[in-house]
Each structure stands twice: as structure tokens, then as C-alpha cells.
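FYI, it's all coordinate maths here, none of it is from the lab. Not measured: the values here are computed from a predicted model. Virtual Cβ from ideal backbone geometry, glycine too; neighbours counted across all protein chains shown.
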Amino acid sequence: MGEFKVHRVRFFDYMPSAIRAMAFNSRTERLAVARADGAVEIFNFSDNYYQEKVIPGRDGRAVEALCWVGQRLFSAGLNGEITEYDLENLKPQYVIEAYGGPIWTISCNNQGTHLAVSCEDGTVKLFEILKEKIQFQRNLDRQKSRIISLSWHPSGAQIAAGMMDMIRIFDTETGRATHRLLVERGVGASKSREVVVWSIAFLSNNTIVSGDSAGKVQIWDGLMGTLVRTHLVTKWDVLALAVSQDESSLIAGTSEGTIVQFQFLSSTVDRQDRDHEWVRTRTFKNHSHDVKALALTDTAVVSGGMDTQLVVHPLLDKVEKNTQEAAQRKIAFPHRSLVGCAKKAGLLLFQFPDHLELWRLGESDGNDHICCSALSPCGGWLVYSTVSSVRLYKLQHNNNISVNKVRPQQRIIQLRSVHQLCFSADSSKLFASSSQSSVVVVALNQLECKYLQTLRHKSGHSCPTAVAIHPTTNNLISVHADQQIFEFSLQQKEYTEWSRKLQKQGLHGLWLKRDTPVTSVGFNPKNPTHIILNDTFMFCIIDQSLPLPESSTILYNQMTLRSLPAPERTRQSHAFKICKNFQHVLSMSLLDDLSLVVVERPLLDVMAQLPPPVRQKKFAT
Amino acid sequence: MGEKKQRGKEASSDGEKAAENLNMALEPSDDEAPEEVTFQDSRVEALRRLKEALDTERREKELLKEKRRKRQELFQEQKKRKLFPAEALEEMNSSTLKKQKQPEDEAEDDEEEMKEKKEKKKKSAHSRKLKGTYTVRTMKDQTSTFFQQQAAKEFLQSRLYGAGSCRTTSNELLSLQNKKGTNQSAAVQFVRKDWACKEKAKAEKLKKRWIHKQRNPST
């Protein structure tokens, strides 16, 4: 593989944002996740859990709850607004004020006709869902205290609302509150504080399940308005609940970071219906901090919270054991690169939501967060985009760095929703992705711009996670979420011989089993047959001149190769040279002087800066 | 005794009888008969109190008007001087804190003022940087929605991280993991980084000065 001088960079103190809410769309297999900084991410569960889309946040806009209505995504927050997102252009489509004060949660009925939001002022507001917008219909009976959570009955005729010290059941037709269920406060010191019903679920057999701040999961009879059973699952708060689609299993997330599962089982041998009750079955300790959002898909428990990691834990009774599917996945870092590297100049660009660090310059305009950024290889140009604009800067670095903002042409200013930016190898062109899969090419000397139509990404294929153009052969290398690699010749407009050979042979099993996507593709200036890829836990140099590994050969063979004599080594070498020395790699690039820059973000550093977790007294500590 | 008399006097004509009865019910064994208060007296008393209340209200309104006028004058003055002194900033800060009375009026005033300043200086965005570390923001951001949002955030914060929430630090959590792990190691942040900040800053300054001296022995 050769030896490289490595610059190991650990001072990129990127802090991921806590997960506040999530919503799973079972029809499209997409999970929408809302973060504390207002960003909304969409993960494609059928494409190797790839983080397909990221809608950046905005200062002052925090999302409390998310909800899908068919293919449409809505969110609500403490600023009292309901937002519908444009998932094609990755920005908010419109925002409407609910005029009820801060909104705590939003939920859609099964029929997809109405949205209900619960507000700080004690009202539940119903909005009619129309084709291009939503329209306020009416309020349900106003209550005296804030309404924190709500759940529609599957029929749409009733809504259960979790408040302070109680649960209210409303009739949606009349708007009247029909039942009041009193929730018991905690014991000891907590008795003086009101108990908050953080989450609630209304099942079709009229059972209501509630999770509260006293650590209880309670089962209620919604018809009679009585308490059926109480389960004390934690000393701290139960912050989230999720119910499976068939209503046979439910999960509760706690401030401890545990997830407790309940299943609707029969206690007797005969398994008669009336003997079924909710029984506590498993406990998962997937997080170190509070679990704030949960989703229960057909096959897995999905959770997220203050420790910022998204965890997908497959339920072993629903998937085949010992397969790729059965492995737990922890998604800790974004699936796109936040680091740009000027290979010739040796500069690094770190992307934060509200600023770029090159040498600390470029505050973003207004309060829009930065979507993506790039640095030209010569180090002379810097570009970044937000939801509303694209900014280009010319850098001059003699001894210090000076930055001059470049005023681009009209057409470039009009570029909206640019989510990929990349410079050509000779720094003469800038490629910016635009809507409808087209790419705008900007020549950087005269600042003219001409449109170039690229390949439309074929629907049905896995989403590309990293793309690059070879500087000499002009071949386009793309790596996808399902770990497939393609090489396309831009001149001949067809896949290359090598690419077809790779497809025919198929990629090695262990390569396909990797659970983090490749976030960048690079090349070796001294050797045109090398392709350099990296994901979070490894980097790999693919040598196109060597034979491809077969499924029976050992993939990670670099260590063994080193100990072999020379002739044996050449016989056993294959194209994929993988190095796992670096962990939690955010970015990797090869500089022109053949030194390697590896930007690592040790998870420990992230964890050390998280907000306080609960204190558990353990023996001998 | 005196207490009873006072009660009798202060009661209005309607309540007078009731008060008297109450007194008699409470202390039936008392020999002294309650003093009779004439209707005239109690009416005068009631009217006096009413007038007093109206007077205080009027006075407060005047005071507020006066304050607003003074502030407006101050702003006019400053506009002429083209400078924004710190006291005015403090006043504006205190006015944002004193939101209860008339938040809208104050918001209007400040917003107007800000708008004029903006036009004058032709600077964009909602905030301006001044000398030092002061920033001025328009009241547009500080509407009642903002305060409600803040209150809701504080509610969340106090419930999850406030008193009685039984929390520790991430450092402690990780250090315990280190202690109980298979490869036992030291605490994650052996020295608390936020300890003795001032002393550390002073030491840093001294170090810089020493290095500078070493480099330029002539000074």
C-alpha cells in the first residue's frame, strides 16, 4: 500500500445536536428525525439506513414534534408555528402560526384528514389538511393547564391529551372533554411537584397508555375512565412512548437512557382474548442520556435522545439471527462530509451550522444554517450554501489569510437548495447541485456560468453517498449507500470496463456489511490507478491494476501481507487495501505532497460535552 | 378593644352591620358596646379612599408619561450626537426586562428608534456591534412569542435538569465507566477544566510576558 505521513487532526470540535423528535413513515420506509438545532434529517431505512436528506436548522427555530401525513412532513415547535417541509428542495415550504403559544406536539389522525396540535395555552387545535396547505378548523374545549402530549384514537372520534397531573379525553366531534383521568404524583420529594404526562397513546380497544415524569407507565380504560395497571419503570421520567402498528407491542423511553418494552400477552395457557394484558418484557440500554424520541417499526426499535446518536435495534424475533439485518446500528455522525481540504495548499475547512472555520471566517447570513461547503484544491476559493443562498469567497494566503467576497452573477445568486458543492481538480470550475438533479457549472475566472445536464440518478438505485471525477481519466466514481461502487466514463458515456468487471464479480461480503457510508472519494496524484475512499471506521485504497478479491479471499489482508515474503505478497495482493487505524473519521484526504490528513472526532470528546445525564448510584462508586 | 372600634369605623355602610354582628358573635362576653359610626362618616371614608386610588393611578400614569418623554428626548439627543452611550443601552435593557407594564408601547418606541438608527447607519440585519462587547437588537425579536417560548423552554429545563432531577456530569459518567471497565483508567478529565479560571488566565499572561522578555532582553 505504501507509506504515508499522516496529519492526525482532532481539533475539529464538531458537536452533533440532540435528537428531539422522530416519526417513521412505514409506507415509504423513511424516518424523519428532528434535532435540537432545528435541523430535520430523513433516513432511508430501505437503503441501508442512509441519511438521505438534511434540512438545515435555523436560529430560534427548535422543533418539538414531527408528523407525516402521507408523503408530507409537518413539524411544530415552541415558537408557536407549524411548518410543512418541501422535501424536494429541502427547505420549509410554509409556516403557519397556531396562535396558541408554544406548541408541544402535533399528530395526524389515521384518516389523514386532520392535524391536531396541543398548545401551551391549554387548547388542542384542529387543522384541516388541504392539498397545498392546512387550515385552522376549531379548538377543542380549552383547559386550565398546558397540554404536553396527545394521541388520536384510530377511529378519529376521540383524542387523549396528556397534561399536568391528569389526562383528558376529548370527543373530536363536539370538542367536549368527556373524561378526566387523574395521574398520581411521585413519592417523597416529587409529591410537591406536578406530574407531567410526557407521552400518551390511544389504542383501538380504547386502552390509553401514558408515560409520566414520575417514571410510571400506566394503562387506562378509556371507556370507563379508570386506571387498569401501573408499571413503575424508572426513578426518573418516562419521556417517550411508541406503539407498534399491530398494537401488540409498545416501548417506553426513559431519562436513564433505557427503553422498556411491553407486549400484549395472555397470562393463561389457553390464550383467550380476555386474559390478555400488557406485560413488561425486555429492557434495552441503548443510550447514556435521556431518550426523547422513539419509533417502533415492524422489525426494530428506533430511539434517539440527548446523546445525539440514532440507534436502530432490531427485534430478534422479527429478523433472521446472525445476519446483517440483526445487527444493532448506531448512527453517530452525519453521512456527508463536513470537512473540506485544499490539497495543494494544505488548508482545512470545517463546517459548523453557523460558521466555517478556515481561520475562523464567514459568519452565515441571517440565521440560516449552512448546508454544505467546499474549498478549492488550490486553496483560492471558498464556497458555502444555506437554504436561501450560495456565497463565494476568494482567499489570498501569503502569510495571513485574507478573504474577499465575490459578487457572483445573477444566475448563481438564484441558485437555491444547493446541497452538494465540489470544485474540479484544477480549481477552474465549481459544480453545484441544483433541483431536479441538474448540476450548475461555474467557471471561476470570468464568473460566467453555463448549465450542464448530468446523468439523472436512476430511481430504484441506491442513493450515492460520495462522488468524484478522476482528474486525468475524467471518469466519474460514485459510491452508494448500499456500498456499491461504479465508474462511469464521461467521454464514452458508459460504465468502464473495470466497473463492469466489479459488478460481475460482485463486491466482497465484508465490504457490503459495513454499516457506515463512504463519505468521500479522492485520488492519488502520483498514481492514477488509485481510488481513495473512507467511511467512519476505515479508509481504503482501491488499486485498479490489481485483481479484485473473490468472496473467499480475506478482505482485510494488509497486516498479513506485510509479514509475507515479496513473491508471495504479490500473489496474494488484491485491489482493496483497507486500513483501520483511525476511528470516528470525519474526513480523510490525500495532499499533493502525499501526506494524509485524517480528521477524527473521538466519540469520547463528544460525550464529554453532552448535557448532564441522570445520576445512578452504583455499588462501590 | 381598639381593634374592634377600628373595624367598625372602616366598614362601609353595607358591611357595617355585618361587621358589628361578627364582633358580637366573636366576643359575646365583652361589656363594651361597639361604637356607632354614622353613615356620613363611613361614606366620607369610602369616597376618600376612592379618590386616593384614582389619584395614585393618575400619578403613576403621569410618571410613566414623564419617563417616556424623557427617554424620547434622550434618544433625540443621541441621534444628534450619532453616538449610543452605555446608559441608554442599560435603559433599553431594563425596559426589556420590565415587560409587564406596557410591552407593546415600549416595543413600539424601541422599534421606532431602532428603525431610525438603521436608516441612518444603513446597516443591515437586526443587530449592530458597538465599541466593546455591546450589541443592539431590535425589539422585533423580543415580542411576546419570544417570552412565551422562553418560559416554555425554562419549564422543560427545570423539569428535566432543575432541582430534584438527580443529575450528574458527563465527565462523572465516563469516569465511572473507566473505573469499572476491564482496563481501569483514570477519570476522563482529571482536573476540572473550569476550576480556577482567573488564576489560569493570570498564569497565561505571566507566561507570555516572560517569553517576550526572554526574546527581547533589552526591554
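Under a 5 Å amide H cut-off, with hydrogens placed 1.01 Å from N, A:Cys372 pairs with A:Ser385 among residues at least 5 apart or on other chains.
Expressed as a rounded percentage, what relative contact order does chain A have, with Cα pairs under 8 Å and six or more residues apart?
Details: 1528 pairs, mean separation 55.8, N = 621.
Answer for chain A is 9 percent.
Specify whether the C-alpha gyration tensor of segment A:464-608 places it in the rounded, prolate or oblate class, a ≥ b ≥ c being the square roots of the eigenvalues: rounded for a/c under 1.5, otherwise prolate if a/b is larger than b/c and oblate if not. Verdict is rounded for segment A:464-608. Ellipsoid semi-axes for segment A:1-136, based on the Cα gyration tensor and the rule √(5λ), read 34, 18, 12 Å when sorted largest first.
The amide H of A:Ala65, built 1.01 Å from its N in the peptide plane, has A:Ala76 as neighbours under 5 Å, considering only residues 5 or more places off or on other chains. Using the Cβ-Cβ distance between B:Glu154 and A:Ile554 with R0 = 45 Å, the FRET efficiency computed as 1/(1 + (r/R0)^6) comes to roughly 0.20.
So, in Å, what gap is there between the alpha-carbon centers of segment A:104-139 and segment A:1-71? Taking the Cα centre of each part, segment A:104-139 and segment A:1-71 sit 26 Å apart.
With R₀ set to 25 Å, the beta-carbon distance separating A:Ser595 from A:Thr529 gives a calculated FRET efficiency near 0.80. For the pair A:Leu232 and A:Arg571 in one chain, pulling the backbone fully straight at 0.36 nm per residue adds 115.7 nm over the alpha carbon distance.
Where the convex hull is taken over the Cα atoms of chain A, what is its projected area averaged over directions, in nm²?
Values: hull surface 131.7 nm².
Over all viewing directions, chain A projects a mean Cα-hull area of 32.9 nm².
Sites listed here are trypsin sites (Lys or Arg not before Pro) in segment A:238-313 whose DSSP assignment is loop and whose Cβ has at most 14 other Cβ atoms within 10 Å: A:Arg271. Annotation: amide H-H contacts under 5 Å for A:Ala425 (H modelled 1.01 Å from N, sequence separation of 5 or more, or interchain): none.
Using the beta-carbon distance between B:Thr182 and A:Val279 and R0 = 45 Å, what value does 1/(1 + (r/R0)^6) give for FRET efficiency, to the nearest 0.05? Could the numbers behind the result be given before it?
Working: r = 35 Å, r/R0 = 0.78.
E(calc), rounded to 0.05, equals 0.80.
Report, in listed order, any pair from A:Lys285/A:Lys617; A:Lys344/B:Lys200; A:Lys394/B:Lys213; A:Lys292/A:Lys617; A:Lys216/A:Lys618; A:Lys330/A:Lys493 with a Cα-Cα distance greater than 27 Å. Going by Cα-Cα distance, A:Lys344/B:Lys200; A:Lys394/B:Lys213; A:Lys330/A:Lys493 fall outside the 27 Å limit.
Please give me, ordered by residue number, the GluC sites (Glu not before Pro) of segment A:263-354 that lie in loop per DSSP and have at most 11 other Cβ atoms within 10 Å.
On the way: sites: A:Glu277, A:Glu320, A:Glu325; in loops: A:Glu320.
Counting only loop positions with at most 11 other Cβ atoms within 10 Å, the GluC sites (Glu not before Pro) in segment A:263-354 are A:Glu320.
The loop-placed GluC sites (Glu not before Pro) in segment A:491-583, going by DSSP, that have at most 13 neighbouring Cβ atoms within 10 Å of their Cβ come out as A:Glu550. Dividing the summed -39500 (n - 2.57) terms of all DSSP H runs of n ≥ 4 by the residue count of chain A sets its mean residue ellipticity at 222 nm at -1500 deg cm²/dmol.
May I ask for the distance between the Cα centers of segment A:492-566 and segment A:245-320, given as a whole number of Å? Segment A:492-566 and segment A:245-320 have Cα centres spaced 39 Å from each other.
The phi-based Karplus calculation (6.51 cos²θ - 1.76 cosθ + 1.60; θ = phi - 60°) puts the 3J(HN,Hα) values of segment A:373-383 at 8, 7, 10, 6, x, 7, x, x, 10, 10, 9 Hz, whole numbers, x for Gly and Pro. Output wanted: per-residue J couplings in Hz (rounded whole) for segment A:7-17, from phi through Karplus 6.51 cos²θ - 1.76 cosθ + 1.60, θ = phi - 60°, x for Gly and Pro. After applying 6.51 cos²θ - 1.76 cosθ + 1.60, I find 9, 9, 9, 10, 9, 7, 8, 6, 10, x, 9 Hz.
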